[in-house]
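Chemist: Please read through the structure below; I'll follow up with questions.
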Amino acid sequence: MAGPRPPLGPEAALDLARASEAWAATLVEGWSDQAALEALARRRGRDLGSEGVVVVPIGGASNVQRFAEALGPHGLGLRLAGLCDIAELRQVRRDLGRAGIGEGPASGADTAAQHGFFAVPKVIE
């Protein structure tokens, strides 16, 4: 029995974005987040791929900086958005700042949201 899909590395994410001719990427922590977001889009009649949007499972919020650097304005130049658990928001804000997005470590949740990154409460499965 196969386990869950592993998250993408930054190079694989770059390859995916280039191959799909994406103009935007949504960073999510894991494969289940990717599946949920893509299912919600389909339920609402949206085809993210044909709209030029890739959903990238990054293997946890601690990897936001690497992916933002590779895919964002100082890398491939894609417009970025993302979802993270609310407990990870401080780290995500800091890492976005380090990647040159937003105001850096002192920025607040509103600044993260202005740049398309949102925190969601942890759901107990």
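Chemist: Residue by residue through the range 9-67, note down the ones that are surrounded by fewer than 17 Cβ atoms within 10 Å (Cβ to Cβ) and among the hydroxyl-bearing types (Ser, Thr, Tyr).
Modeler: Matches in the range 9-67: 20, 32, 50, 62.
Chemist: Tell me which helices (runs of 4 or more DSSP H) are completely within the range 52-125 and hold 3 or more residues being modelled with pLDDT under 90 and within 19 Å of residue 24 (Cβ to Cβ), or say none if there are none. Please lay out each step first, then the result.
Modeler: Values: elements: 64-71, 89-98, 109-114.
Here the list reads 109-114.
Chemist: Ok, one more. Suppose we filter the range 35-92 for residues that are over 18 Å from residue 118 (Cβ atoms) and in contact with a Leu (Cβ under 7 Å, 6 or more places away or on another chain); how many remain?
Modeler: 2
Chemist: Moving to a separate point now. Among the listed residues 76, 80, 71, identify the single one that is touching a residue at least 60 places away in the same chain (Cβ under 8 Å), crowded, with 19+ Cβ neighbours inside 10 Å and not hydroxyl-bearing (Ser, Thr, Tyr). First the steps, then the outcome.
Modeler: Details: 76 fails: crowded, with 19+ Cβ neighbours inside 10 Å; 80 fails: touching a residue at least 60 places away in the same chain (Cβ under 8 Å).
On inspection, the qualifying residue turns out to be 71.
The values are calculated or read from the model by the stated rules, or taken from the named source; none is laboratory data. For clarity, every value in this text was computed on a predicted model and none was experimentally measured. Glycine gets a Cβ as well: all are built from the backbone with ideal geometry, and neighbour counts include every protein chain shown.
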